[in-house]
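A short write-up of the structure that comes next.
The values are calculated or read from the model by the stated rules, or taken from the named source; none is laboratory data. Every value quoted in this text rests on a predicted model; they were computed, and no experiment measured them. A quick note on method: Cβ atoms are made from the backbone with ideal geometry, for glycine too, and the neighbour counts reach across all protein chains shown. For the accessible areas, the whole protein counts, side chains as well, though only heavy atoms, and no ligand, DNA or RNA atoms are used. Shrake-Rupley method; radii C 1.70, N 1.55, O 1.52, S 1.80 Å.
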Amino acid sequence: MEKIFAQLNDAQSEAVRQIDGAILILAGAGSGKTKTITSKVAYLIANGIPPSSILTLTFTNKAASEMRNRALSLIEKKIDYPPLLCTFHKFGLLFLKFHMNELGRSNNFVIIDTDDKKRIIKSFDIDLPIPMIASEISRFKNNLIDPDEAIDAAQMINYKKIAKIFKHYEEYLDQNNLVDFDDLLALPYKILEKNEQLCRQISQKYKYILVDEYQDTNDLQFKLLQKLTLSHNNLCVVGDDDQSIYGWRGANIKNILEFDKHFSDTKIIKLTKNYRSTTAILKAANELIEHNRNRLGKTLESTKDKGKEITTLYHDDENAEARAIAKKIKELIDSGVDPKEIAVLYRINALSRSIEEGLNRVGVPYKMVGGVKFYERAEIKDIIAYLRVITNPHDDFSLKRIINKPKRGLGKATVDKILDLGYKNNSSMHNAFLNNKEELKKSISKKAFNSLTEFFEQLDTLSQKAQESTYDLIDALEDGFGIKNYYSQLPDAMERVLNIDEFYGLYRDFIIQNPDTTLENFLNDITLQSDQDQIDEQSISIMSIHASKGLEFDHLFVIGLEEGFFPLIGDGCDIEEERRLGYVAITRAKKELTLSSSSSRYYKGKRAQLNKSRFLAECGVNKGSLKLEKTTSFKKGTLVKHKVFGIGRVLEVSKVKREYKLKINFGGTQRDILASFVERI
């Protein structure tokens, strides 16, 4: 017992000692979350609870492995078998191995990966983007929508097609006894929903359930946990509502915010002592997140000293920003700072382009964590391939990449025929088509021939355009081939389109600065910029804020703090989730934090003047840089409903500490009501 509690603070110890009932451990950034949950597993075993009764669920195999090792190291008594500590999906796999027969299928099923899934979909001979279909099928499964329901609910033609493909796909998996990644959660839930007796048996087997990173659970994982706790209420979840940043991929923040509503007699324990960051850094993080309304509320306290004040940078454009940050990083490394303790974060991946080039210029090696370098992204490589073919129609390497992208109905067999003709005649694919049209017309479909004819004609037109007006070429390329439109239909559409806009803006800027240049010069220039020297082990890290979750650095730079970039603004954007991203970014810093913004960047393909991010003012480092916007969804004129007073219309909205006060007209009677006591109609 002494070993378990030796390094725990009072709040951590309280969380560990609580054995029975529903427990919500609100673990702030850097507050020893992993230490607490592993100590709790060890404490349960030390109190005589059989390891086989304990189930701990995580989100990554790495986290599961680390937690298992740490928990076992705290247990002095030798145990014959460790508790089950695994990911949600691993648990689903183990469950299906024992209970797949409940669905009339054998347990010798094969799990397919994402590539297998796409190959199966492709075999159905469809005319829609395969990644889009795969993404929709995943959404159906995670929302427990069966194919017939999907078909009935679909309104638009393309979604009706996808629903029918989903039905075909499910039949294929069933016939071949295959299981995809989403099935590892969806099928166990269906089995438990169908068989209550089995559900009780499983619930009684796992009498103590712990869940890590609970704020990242989706609706299906929540429903699965409800099934697993059918016969008891011993569910301990650890998470941080202020670090819920995956709403875009299905995580539901309500799971943690409303935990006590779903699991009776919940005990809430807050871990607020931060062992990572200085007081100055935590002050900014606390002030920023205080502006969110949908949170349970806690204030992080630093165990470190005050530390250096946060630095803010402001430059004319992204190139000046990149030069300044690269220079500062080089100075840090030259002064003896370990490069592994330095990182640059950004909200959107398109911003990596300028910082990559800035680091390359001063010779600072970098590695990109959880992402792809700007010039290596598929959409950027596609555009560069188009430009190379426009410059040199005989570049077969580039031509093969784009001949059916965006899709124009050209299969592998058609492309191989052109390649064979080129090989026989010792010519490029371009010339092979032009010089052998009649032969090809007989050997390929009419649709494919017409597509090829139009494709090569457009390329020839653009080659001519490149001679006449280099600046206008990029617009003509987009008008002719619709590359942005193609990528806007795929998963991660927003990121991909922003990357394309960044490239188009870079192209236009290059032509403006070099009016007498050629397309070939531009291509040579970006080739030199994108060729980073071999990365050595001593490299700094650059990454998106999403990729930084769980990491920490002594010296941290956050770039792109402008309205429209961070926070992202527009349809589908959630300002509170954007603010939580800001909170995550700030709390990655241990010793020094630099927040950077620029007065202009490429925005939607053109250079635009930008306002500083509201977050700079909200975290207290840039007083009055932007008028703070109220983050309530209630506005003057909003219709609302109160349990007692009925329906009314909002007349005024004002803020009282972290809550919002509404002046509401209820049928002629005006009342002041706190916003949390009414709902929108």
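Here is how the numbers come out for the structure above:
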read-out	value
LYS167/LYS97 FRET efficiency (R0 45 Å; Cβ-Cβ; nearest 0.05)	0.95
Lysine pairs within the stretch 188-296, Cα separation less than 22 Å, 8 or more sequence positions apart or different chains	25
Estimated FRET transfer efficiency (ILE151, THR461; beta-carbon r; R0 60 Å; 0.05)	0.90
Cross-link table LYS417/LYS606; LYS141/LYS417; LYS161/LYS437; LYS327/LYS381, entries beyond 32 Å C-alpha to C-alpha	LYS417/LYS606; LYS141/LYS417; LYS161/LYS437
The stretch 407-416 - phi-based ³J(HN,Hα) in whole Hz, Karplus 6.51/-1.76/1.60, Gly and Pro as x	4, 9, x, 10, x, 4, 4, 5, 4, 4
Relative counts (whole %) of C-alpha pair distances in the chain, using bins that are 10 Å wide	3, 12, 19, 23, 22, 14, 6, 2, 0
Chain lengthening between PHE645 and ASP416 when straightened (0.36 nm per residue, less Cα-Cα)	75.2 nm
Per-residue SASA entry for CYS199, accessible area with 1.4 Å probe, Å² rounded to 10	0 Å²
Principal semi-axes in Å for the stretch 79-136 [√(5λ), Cα gyration tensor, largest first]	32, 15, 9
Simple label model, 7 Å out from Cα along Cβ direction - THR279 to SER135, nm	4.7 nm
Simple label model, 7 Å out from Cα along Cβ direction - GLU66 to LYS437, nm	6.2 nm
Helix-only mean residue ellipticity at 222 nm for the chain, each DSSP H run of n ≥ 4 adding -39500 (n - 2.57), per residue, nearest 500	-14000 deg cm²/dmol
Accessible surface of the stretch 398-485 [probe 1.4 Å, protein heavy atoms]: carbon and sulfur percent	45 percent
Distribution of pairwise C-alpha distances over the stretch 91-192, 5 Å bins, in %	2, 12, 25, 25, 19, 11, 5, 1, 0
Rounded to 10°, Cα long-axis angle of helix 446-468 versus longest principal axis of the chain	80 degrees
Relative packing of 361-371, 596-606, which averages over residues the other C-beta atoms within 10 Å, highest first	596-606, 361-371
Label point at GLN513 placed 7 Å out along Cα→Cβ; residues across the stretch 311-354 whose backbone nitrogen lies under 18 Å	315-327, 351-354
Under 18 Å from the Cα of LYS33 - aspartates and glutamates, other chains or at least 8 residues apart	ASP10, GLU14, GLU66, ASP212, GLU213, ASP216, ASP240, ASP241, ASP242, GLU301, GLU552
Check: the stretch 374-450 dipole with +1 on Lys, Arg Cβ and -1 on Asp, Glu Cβ, in debye	360 debye
ALA608/GLU679 FRET efficiency (R0 51 Å; Cβ-Cβ; nearest 0.05)	0.85
Protection proxy ranking, peptides 110-120, 347-357, average beta carbon neighbours within 10 Å, highest first	347-357, 110-120
Nearest-20 debye value, the chain charge dipole, Cβ charges on Lys, Arg, Asp, Glu	2040 debye
The stretch 177-311: relative contact order as a whole-number percent, Cα under 8 Å and 6+ apart	20 percent
Amide proton proximity set for LYS367, modelled H, under 5 Å, gap of 5+	ILE540, SER541, ILE542
Percent of Cα pairs exceeding the 17 Å cut-off, where the set is the stretch 152-240	63 percent
Near-label residues of the stretch 157-176 by backbone N, under 17 Å of a point 7 Å along Cα→Cβ of ASN450	none
Solvent-accessible area per residue, Å², over the chain with all protein chains present [probe radius 1.4 Å]	47 Å²
Interchain or long-range residues, amide H under 5 Å from LYS273's placed H	GLU301
5 Å binning of all Cα-Cα separations within the stretch 552-603, expressed as whole percents from 0 upward	5, 19, 26, 20, 18, 9, 2, 0
Using θ = phi - 60° and Karplus 6.51 cos²θ - 1.76 cosθ + 1.60, couplings along the stretch 83-96 (whole Hz; Gly, Pro as x)	x, 6, 10, 7, 6, 3, 6, 5, 4, x, 4, 4, 4, 5
Farthest toward positive dipole pole in the chain [+1 Lys/Arg, -1 Asp/Glu at C-beta], among ILE209, THR311, ILE559	ILE209
Relative contact order [Cα under 8 Å, 6+ residues apart], the chain, whole percent	15 percent
Simple Cβ-charge dipole of the stretch 221-337, Lys/Arg +1 and Asp/Glu -1, about Cα centre, in debye nearest 20	480 debye
Principal axis dimensions, the stretch 219-371 - Cα atoms, whole angstrom, descending	62, 34, 28
ALA29 long-range amide H proximity, modeled H, under 5 Å	none
Nearby aspartates and glutamates by direct alpha-carbon distance to LYS164 (threshold 15 angstrom, same-chain neighbours under 8 apart not counted)	ASP125, ASP127, GLU136, ASP146, ASP148, GLU149, ASP152
Karplus-derived 3J(HN,Hα), 6.51/-1.76/1.60, for each residue of the stretch 207-220, Hz, glycine and proline x	7, 10, 10, 10, 10, 8, 6, 4, 5, 9, 6, 9, 5, 5
Alpha-carbon centroids, the stretch 143-203 and the stretch 227-304: separation in whole Å	32 Å
Order by protection proxy (mean Cβ within 10 Å, highest first), peptides 435-442, 374-381	374-381, 435-442
For the stretch 365-457: relative contact order, % (alpha-carbon pairs under 8 angstrom, 6 or more apart)	22 percent
DSSP bridge pairs, the chain: antiparallel proportion in percent, nearest 5	35 percent
